[in-house]
1. For segment 24-36, state whether one or more residues are of a type outside the set (A, V, I, L, M) and in contact (Cβ under 8 Å) with a residue 60 or more places away in the chain.
2. Within segment 48-62, identify whether any single residue is closer than 21 Å to Arg100 by Cα and in contact (Cβ under 8 Å) with a residue 12 or more places away in the chain, and answer yes or no.
3. Is there a residue being loosely packed, with under 13 Cβ neighbours inside 10 Å and not in a helix (DSSP H, G or I) anywhere in segment 3-12?
4. Sort out which residues of segment 1-28 are under 14 Å from the mean Cα position of the chain (by Cα) and of a type in the set (Val, Ile, Thr), and write them in order of number.
5. Looking only at segment 47-69, how many residues end up being closer than 20 Å to Asn88 by Cα and touching a helix residue (DSSP H, G or I) at 6+ places or on another chain (Cβ under 9 Å)?
6. For Lys50, are the conditions met, namely being among the basic types (Lys, Arg) and more than 15 Å from Ile21 (Cα to Cα)?
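Nothing in this text is a laboratory measurement; each read-out follows from the coordinates by a stated rule. In this text the structure is predicted, and so the values were computed from the model without any measurement. Here the Cβ positions follow ideal geometry from the backbone for every residue, glycine too, while neighbour counts run over all protein chains shown.
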Amino acid sequence: MQLDNATIKRLKGIGHELKPIVMIGNNGITPAITEEIDRALTDHELIKVKLPAGSKHDRDVVATELATTAKANVIHMIGRMALLLRQNPNANPKLSNLARHAQ
């Protein structure tokens with residue numbers, strides 16, 4: 001999905017206020033992590049994930065692998081945090097971070 005700069009800026013603003021929903025430890029990406037990220041993206045659409053410690057390249061690889069597995073987009077990465085987006089047309093407005101922050 002291709003997003004314009006204004007949309008990315010708005011998503012970063014929403015993501016700034018979010019707490020990480022999933023934290024990935026030294027075991028890396030496990031089936032349980034993948035399942036939880038899929039559930040969180042279905043419910044919330046925009047989530048923050050805390051990545052394991054390591055080099056920038058390692059974190060980039062993990063974030064890209066997560067996005068590919070979950071059919072999501074990496075919106076932004078800073079430090080050990082990654083912001084993932086997967087839009088859901090049937091999202092619950094009470095749970096969706098996009099619907100709750102709609103203007």
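1. The first filter runs over segment 24-36 and keeps only residues of a type outside the set (A, V, I, L, M), leaving 25-28, 30-31, 34-36.
Right, trim to in contact (Cβ under 8 Å) with a residue 60 or more places away in the chain and you get none.
Within segment 24-36, not a single residue is of a type outside the set (A, V, I, L, M) and in contact (Cβ under 8 Å) with a residue 60 or more places away in the chain.
2. Taking segment 48-62 first, the residues closer than 21 Å to Arg100 by Cα are 48-49.
This time we only want the ones that are in contact (Cβ under 8 Å) with a residue 12 or more places away in the chain, so: 48-49.
Yes.
3. Scanning segment 3-12, I find at least one residue that is loosely packed, with under 13 Cβ neighbours inside 10 Å and not in a helix (DSSP H, G or I), so the answer is yes.
4. First pass over segment 1-28, keeping only residues under 14 Å from the mean Cα position of the chain (by Cα): 8, 11-24.
Correct list: Ile8, Ile14, Ile21, Val22, Ile24.
5. Total satisfying the criteria: 5.
6. Details: among the basic types (Lys, Arg): yes; more than 15 Å from Ile21 (Cα to Cα): no.
When the stated conditions are applied, Lys50 does not pass them.
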